[in-house]
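Engineer: Below you will find the structure I want to go over with you.
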Amino acid sequence: MSDTLETVNPINGKAKRAESLREPKPAHQLRYDWASGEIVDLLTLPLLDLVDQARAVHRRHHEDGEVQLASLLSIKTGACPEDCKYCPQSAHYAKETGLGREALLDVADVLAKARVAREAGATRFCMGAAWREVKDGPAFDSVLAMVRGVRALDMEACVTLGMLTGDQADRLADAGLTAYNHNLDTSPEFYGEIVTTRTYQDRLDTLACVRKAGLQVCCGGIIGMGETVEDRARLLQTLANLDPHPESVPINALVAVPGTPLQDAPPVDPLDLVRMVATARILMPLSHVRLSAGRRALTREAQILCFLAGANSIFYGDKLLTTANNDVCADLALIEDAGLSIQRPRACG
């Protein structure tokens, strides 16, 4: 009996098997006890072996070949009191970056932009405010109204607002928020080299509040900040040993913005990004692995290799929070040429 599949696009794997080969596939066992050494071993595998493993996991759980388009909007820009060395929104570097403070956008303006994103094909609308922490009051009330409005458009709503309390997480959940983004950035050991105004435990405590409120967790990190392979493994270990896994895992490559302390960091090797995507897919089989910041520097071929390795979401639109993003038409052409499909809007209920 031949095991040969009929020829189809190799990216989305939509092959027609012979009737005799349509037995159910065993479920991939989810793990929450990964050791950092195991993850280093994955990250340092021969590239094609790693991609093969990741592709097998991806096809087992994401056979439809869909890519989710997520749109990202900065609803309050600049003057952040944090000192994250990669971030142009930090008030610590404002004189060098030239990025001024902008007030919180009006609810109507944000919802108008959400409608434009939905019409362009996005099914998830992410809103970011350059705050160290959420403070109760009119600004937070406006964010809650934004969340309710985005959900009324039958879009997923995600916000990143800094640290928050359990009560604030509950209020976001009551407003209908889908997910809360709070990245770990890097490993616990390297974190202090990048951020000094907030501890790693602060970030983990916020994630615990988010999960307790019943919200989905969106949490990932950044590579290219001077970390080692072991640091990358420790970041992924921390994420993969959360139970349950984050529903969304953004994988970012540093965008070295002039005026920030990391402005002279060397470009990230695209294959390192592929390795991070592939390893994240193996460790967290059910998660959306989001190809995020830094994608603009990738060739079409490198982006397709990331899709092959298990990425199934991109940030879509001409701008991220403060940095440029890929051309919309080019993204749509890339997805079509790769034989993938765009996730269509679904009623959020």
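Engineer: Test of understanding: express the Cα radius of gyration of the stretch 88-138 as a ratio to 2.2 N^0.38 Å, with N the residue count.
Structural biologist: Taking the Cα Rg and dividing by 2.2 N^0.38 Å, one obtains 1.45.
Engineer: Further question: Count charges around Ile251 for me, please; just the other residues with Cβ under 11 Å from its Cβ, Lys/Arg as +1, Asp/Glu as -1.
Structural biologist: Surrounding charge for Ile251 is +4.
Engineer: Among Gly192, Ala208, Ala139, flag the residue with its Cα farthest along the positive direction of the charge dipole of the stretch 105-228, charges on Cβ as +1 for Lys/Arg and -1 for Asp/Glu.
Structural biologist: It is Ala139.
Engineer: So, one more: Using only the Cα atoms of the stretch 63-124, each taken as one equal point scatterer with no solvent, compute I(q) by the Debye sum, divide by I(0), and report log10 of the ratio at q = 0.14, 0.25, 0.26 Å⁻¹.
Structural biologist: Normalising to I(0) and taking log10 leaves -0.58, -0.95, -0.98.
Engineer: Something else about it: So, R0 is 30 Å and r is the distance between the beta-carbons of Asp202 and Lys95; what FRET efficiency does that work out to, to 0.05?
Structural biologist: The pair Asp202/Lys95 has a calculated efficiency of 0.65.
Engineer: Going by alpha carbons, how many degrees (0 to 90, nearest 10) lie between the helix axis of 270-283 and the longest principal axis of the chain?
Structural biologist: That works out to roughly 80 degrees.
Engineer: Out of all Cα-Cα pairs in the stretch 100-212, roughly what percent, to the nearest whole number, are more than 20 Å apart?
Structural biologist: When every Cα pair of the stretch 100-212 is considered, 44 percent fall beyond 20 Å.
Engineer: Can you count the Lys pairs in the chain whose Cα atoms are under 27 Å apart, with each pair 8 or more apart or on different chains?
Structural biologist: Lysine pairs, 8 or more places apart or on different chains, close enough: 17.
Engineer: Using heavy-atom solvent-accessible surface (probe 1.4 Å) with all chains present, what is the largest-first order of Asp83, Asp202? Present the calculation step by step, with values, prior to reporting the outcome.
Structural biologist: On the way: Asp83 25, Asp202 45 Å².
The ordering from most to least exposed comes out as Asp202, Asp83.
Engineer: In addition: I'd like to know which of Pro88, Met127, Leu105 lies farthest towards the positive end of the charge dipole of the stretch 25-128, counting +1 on Cβ of Lys and Arg and -1 on Cβ of Asp and Glu.
Structural biologist: The Cα lying farthest towards the positive end belongs to Leu105.
Engineer: May I pose another question? Rg to Rh ratio, the stretch 153-246, alpha-carbon atoms and Kirkwood radius?
Structural biologist: 1.00
Engineer: Quantify, in whole percent, the carbon and sulfur part of the accessible surface of the stretch 181-248 (1.4 Å probe; protein heavy atoms only). It would help to have the intermediate numbers written out before the result.
Structural biologist: Working: 1220 of 2400 Å².
Reported share for carbon and sulfur atoms: 51 percent.
Engineer: Same structure, new question: Which one, Cys329, Ala280, Ala302, projects farthest toward the positive side of the charge dipole computed for the chain from Cβ point charges (K/R +1, D/E -1)?
Structural biologist: Working it through, the farthest residue towards the positive pole turns out to be Cys329.
Engineer: If the stretch 238-305 were replaced by its equivalent ellipsoid, with semi-axes equal to the square roots of 5 times the Cα gyration tensor eigenvalues, what would those be, largest first, whole Å? Intermediate values should be presented prior to the final figure.
Structural biologist: Details: eigenvalues 116, 46, 17 Å².
Semi-axes from the Cα gyration tensor: 24, 15, 9 Å.
Engineer: Quick one: the Cα spread of the chain along its three principal axes, in angstroms, biggest first?
Structural biologist: The principal-axis extents, from largest down, are 67, 42, 38 Å.
Engineer: Report the antiparallel proportion of the DSSP beta bridges in the chain as a percent, rounded to a multiple of 5. Mind showing how you got there, number by number?
Structural biologist: Working: 1 of 35 bridges.
Roughly 5 percent of the DSSP beta bridges within the chain come out antiparallel.
Engineer: Oh, and also: Could you check which residue among Glu227, Glu63, Glu82 shows the biggest mean-square fluctuation in a GNM of the chain with a 10 Å Cα cutoff?
Structural biologist: Glu63
Engineer: When the dipole is taken about the Cα centre of the stretch 192-336, and only Lys, Arg (+1) and Asp, Glu (-1) are charged at their Cβ, what size is it in debye, to the nearest 20?
Structural biologist: My answer is approximately 300 debye.
Engineer: Sticking with this one: For the stretch 128-189, what number results from the quotient of the Cα radius of gyration and 2.2 N^0.38 Å?
Structural biologist: 1.15
Engineer: Given +1 on the Cβ of Lys and Arg, -1 on the Cβ of Asp and Glu, and no further charges, what dipole in debye does the stretch 254-313 carry about its Cα centre, rounded to the nearest 20? Let's see the in-between values first.
Structural biologist: Numbers: 6 positive and 4 negative charges, 51 e Å.
Value, rounded to 20: 240 debye.
Engineer: Let me ask something else about it. In whole angstrom, note down how far apart the Cα centers of the stretch 222-283 and the stretch 69-115 are.
Structural biologist: 22 Å
Engineer: Cα axis of helix 229-240 to longest principal axis of the chain: angle in degrees, 0 to 90, nearest 10?
Structural biologist: 90 degrees
Engineer: Rolling a 1.4 angstrom probe over the protein heavy atoms, how many square angstrom per residue are accessible across the chain?
Structural biologist: 44 Å²
The values are calculated or read from the model by the stated rules, or taken from the named source; none is laboratory data. The model shown is predicted, which means the values in this text are computed figures rather than measured ones. Cβ: placed from backbone, ideal geometry, glycine included. Neighbour counts: every protein chain shown. Accessible surface is based on the protein model in full, side chains and every heavy atom, while ligands, DNA and RNA are left aside. Shrake-Rupley method; radii C 1.70, N 1.55, O 1.52, S 1.80 Å.
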